[in-house]
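The values are calculated or read from the model by the stated rules, or taken from the named source; none is laboratory data. Quick caveat: nothing in here was measured; it's all calculated off a predicted structure. For neighbour counting, all protein chains shown are included, and Cβ atoms are generated from backbone atoms with ideal geometry for every residue, glycine included.
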Amino acid sequence: MASKTESMTGDEALSALVDGELGALTRNRIVGRLLEDPELRARWARYHAGRASLEGAEPGLLGPGFSERVAAAVSAEPPVRASGRLAGVRRPLWRRGGAAIAAAALVAVVTAGGVVALRGGIFESPASGVAATAPDTVVAAGGDAVPIVSGTYGDGLGPAEQERVRQRLTVYLNSHNRFADADEMPNVMPSSRLAGFNADP
Amino acid sequence: MSESAVDLELVRRIQRGERAAFDLLVQKYQHRIAHLIARYVQDKSEVEDVAQEAFIKAWRGVASFRGESAFYTWLYRIAINTAKNHLVSAGRRVPDQGVDATDAEQYEDAALLRDADTPERTLMTTELEQTVYRTIESMPSELREAVTLREMEGLSYDEIAAVMDCPIGTVRSRIFRAREAIDSAIRPLLDETGKSDGE
């Protein structure tokens, strides 16, 4: 239908809109114009008045300015707070993918952090240089210097415990793979590839 | 693709906070709703008040409208209930028979309402209606046929194209030209009385 509507004038498109004969893109565009153009809105109202006459719906039942009175009454009402989206109305692609992308980004960050940590010896004893450095301190409200306790995930773990942590990380990444569906997010690397990364050189 | 899709687009915009989209729905349905209410509320002076109350109720409820039924079916139901409540609160009898909103869902136009008109009401055509009919009668036959198939028979552009054996773009153009002719004829009347209600 969209291809058939390309050569339409604005008024012709309005007529087709009244009949529900526009494709989604053109429909949204014309509705947007309707909301901004008072003259077009007046024509919309007249088209429907004429149509009501043909349907025998007696436009004369309502006094002049009825819709303005309704609009004034509605303006005194609280704004609409949508409690749920319309059934059958698909959310935009960017919104549908938004949650999945956020989850995938989180997984990617966690994974990348893990990879960096693995390369830096996360599962090994802290470097002596780090351990020898005096801890940073902050001044508490009472004026006492309080050391900042810092450490690296995996500090002090034995080899067996390190392996258990590694396996848990892998299980986590694999169980969240669905958030990194390559079909919907072509620019996000599926976490399974990262989870399969071999940390051992 | 249908009028329902247009209504859903407008509802979606209302739910996003565009109040003006509600005005378009009021302008679209005000006459049908008034006609529907008039079947319950005989006093015409009360019809407008009840119609306004129905639209305000619709506004209050539109946030929870999820599109599981057609918008006009939902609106009709509100209008019928408002009319019945009005009669009850006024101590008047609620008619046994009326327009079932479920039945209304089967109709894209107001055919059900038209069919249920009383002879008295049918005879009581307004100047506006007479102008519309005179305009249609004076149209070239291809415009008259196109607009009649659309407005009276409720056919889609595709169906009209098949009936009239012409491209769909021609159908769209003919209906537009017919509508413009009607618009030109009724505009002076509406400007005079403000009945178009959008100006």
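Tell me which residues, restricted to region B:20-49, are part of a helix (DSSP H, G or I) and more than 7 Å from chain A (Cβ to nearest Cβ).
B:Leu25, B:Tyr29, B:Ile33, B:Leu36, B:Ile37, B:Ser45, B:Glu46, B:Asp49
Please determine whether any residue of region B:55-74 is within 19 Å of A:Leu61 (Cβ to Cβ), within 8 Å of chain A (Cβ to nearest Cβ), at pLDDT 95 or above and assigned to a helix (DSSP H, G or I).
Yes, region B:55-74 contains a residue that is within 19 Å of A:Leu61 (Cβ to Cβ), within 8 Å of chain A (Cβ to nearest Cβ), at pLDDT 95 or above and assigned to a helix (DSSP H, G or I).
Kindly provide the set of residues from region B:148-166 that are buried (at least 18 other Cβ atoms within 10 Å of the Cβ) and touching a Leu at 6+ places or on another chain (Cβ under 8 Å), ordered by number.
Matches in region B:148-166: B:Leu149, B:Glu151, B:Leu155, B:Ile160.
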